[in-house]
Amino acid sequence: MIPGHATPEGTNRYRLKHHCDPAYFRDTPWFSASALGLGTHLGEMNEEDSLKYQESLAFALSHGINFIDTSLNYRGMRSERDIGKVLSRLISCDKTLERSELVISTKAGFLPGDIEANLYPNVYYEKVLLANQIIREEDRITLEKDGRKMHQSLSPNFFRFTLEQSRKHLNLDTIDIYYVHNPEMSCYVKGKEWFHRHIAILFEFL
């Protein structure tokens, strides 16, 4: 695991190193992030698109973009793994970047699949999440939208699992920003009273 996390000193050093105009960065008390980030949602779940992502990530991180966003469920977990490979190469092997210079965000909430293990979401739910008691059947929330079913969970135990999976994929000790992924969808299904009670429990855990 790569130690450390984004810092004000590291991200400011990154901006100066790449001669970036301060207007193109956004300052927070914890770090400074490039106004333009690289998302990893779209694309096929195959090796060809993974290689394109890895090339794009390496180029962006080497040319003034220090903010990368992803999610455990993006491209069947491949997006997080692609980012992890690039970060390991640039930070640990090439040593052209430092961990403190980069802002990495990910998220969880939707029940994922693992394309590299050939486990699509419904199979992953049965063989990994239920079989290992990561979530219970009553923890799965199903929303049907545009004829497609989506499944979420706000269970703290599920988030304990997803957080560790993301750290492993990204090869990072610490994730700088961690989102609850579209939790309002659970509110549509369960109603406001249930939602506010359970989101408060989840926030307390996080």
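Considering only GLN54, GLN133, GLN152, the Gaussian network model of the chain with Cα springs below 10 Å gives its largest mean-square fluctuation to GLN133.
Surface exposure of the chain, expressed per residue as accessible area with a 1.4 Å probe, stands at 53 Å². Per-residue accessible area (protein heavy atoms, 1.4 Å probe) orders THR40, THR7, THR96, THR142 as THR96, THR142, THR7, THR40, starting from the largest.
Annotation for TYR179 and LYS149: the two label points, set 7 Å from Cα along the Cα-Cβ direction, are 2.6 nm apart.
Take the Cα of LYS95, step 7 Å toward its Cβ, do the same at LYS168, and the gap between the two points is 3.0 nm.
At a 1.4 Å probe radius, which order do GLU184, GLU48 fall into by accessible area, largest first? Don't jump to the answer; show the numbers that get you there.
On the way: GLU184 70, GLU48 110 Å².
I get GLU48, GLU184, largest accessible area first.
Accessible-area rank, largest first, for LYS190, LYS52, LYS127: LYS127, LYS52, LYS190, with all protein chains present and a 1.4 angstrom probe.
Distances over 22 Å make up what percent of all Cα-Cα pairs in region 52-143? Taking all Cα-Cα pairs of region 52-143, the fraction more than 22 Å apart is 40 percent. Comparing ASN171, ASN118, ASN73 in a Gaussian network model of the chain where C-alpha atoms under 10 Å apart are linked, the largest mean-square fluctuation is found at ASN118.
Length available on full extension from GLU193 to ASP49: 0.36 nm per residue minus the Cα-Cα distance, which gives 47.6 nm.
Roughly how large, in nm² to one decimal, is the mean projection of the convex hull of the alpha-carbon atoms in the chain? Please list the in-between numbers first.
Details: hull surface 49.4 nm².
With every direction weighted equally, the projected area is 12.4 nm².
Would you mind checking LYS17/LYS85; LYS107/LYS168; LYS168/LYS192; LYS52/LYS95; LYS52/LYS149; LYS145/LYS190 for any pair whose Cα atoms are more than 25 angstrom apart? Write out the running numbers ahead of the final one.
Details: LYS17/LYS85 23 Å; LYS107/LYS168 14 Å; LYS168/LYS192 34 Å; LYS52/LYS95 22 Å; LYS52/LYS149 29 Å; LYS145/LYS190 15 Å.
Pairs exceeding the cut-off: LYS168/LYS192; LYS52/LYS149.
What's the carbon and sulfur percent of region 1-138's accessible surface, probe 1.4 angstrom, rounded to a whole number?
On the way: 3880 of 7050 Å².
Of all accessible area on region 1-138, carbon and sulfur atoms account for 55 percent.
Note on LYS17/ALA200: beta-carbon distance plugged into 1/(1 + (r/R0)^6) with R0 of 45 Å gives a FRET efficiency of 0.60.
Using the average count of surrounding beta-carbon atoms within 10 Å as a protection proxy, the listed peptides 144-151, 28-35 rank, highest first, as 28-35, 144-151. Against the chain, whose longest principal axis is taken from its Cα atoms, helix 156-170 shows a tilt of about 30°.
Please list, by residue number, everything in region 134-170 whose backbone N is under 20 Å from a paramagnetic label point 7 Å out along Cα→Cβ of ASN122. Zone members listed by number: 135-153.
Would you please give the FRET efficiency between LEU42 and ARG140, computed as 1/(1 + (r/R0)^6) with r the Cβ-Cβ distance and R0 = 35 Å, to the nearest 0.05?
Working: r = 26 Å, r/R0 = 0.74.
Step by step, r from the Cβ atoms, then E = 0.85.
Our helix-only sum for the chain, with -39,500 (n - 2.57) per DSSP H run of n ≥ 4 divided by its residues, gives a mean residue ellipticity at 222 nm of -11000 deg cm²/dmol.
The values are calculated or read from the model by the stated rules, or taken from the named source; none is laboratory data. What you see is a predicted model, and the numbers here were worked out from it, not measured in a lab. Virtual Cβ from ideal backbone geometry, glycine too; neighbours counted across all protein chains shown. Note: areas computed on protein heavy atoms with side chains; ligands, DNA, RNA excluded. Shrake-Rupley method; radii C 1.70, N 1.55, O 1.52, S 1.80 Å.
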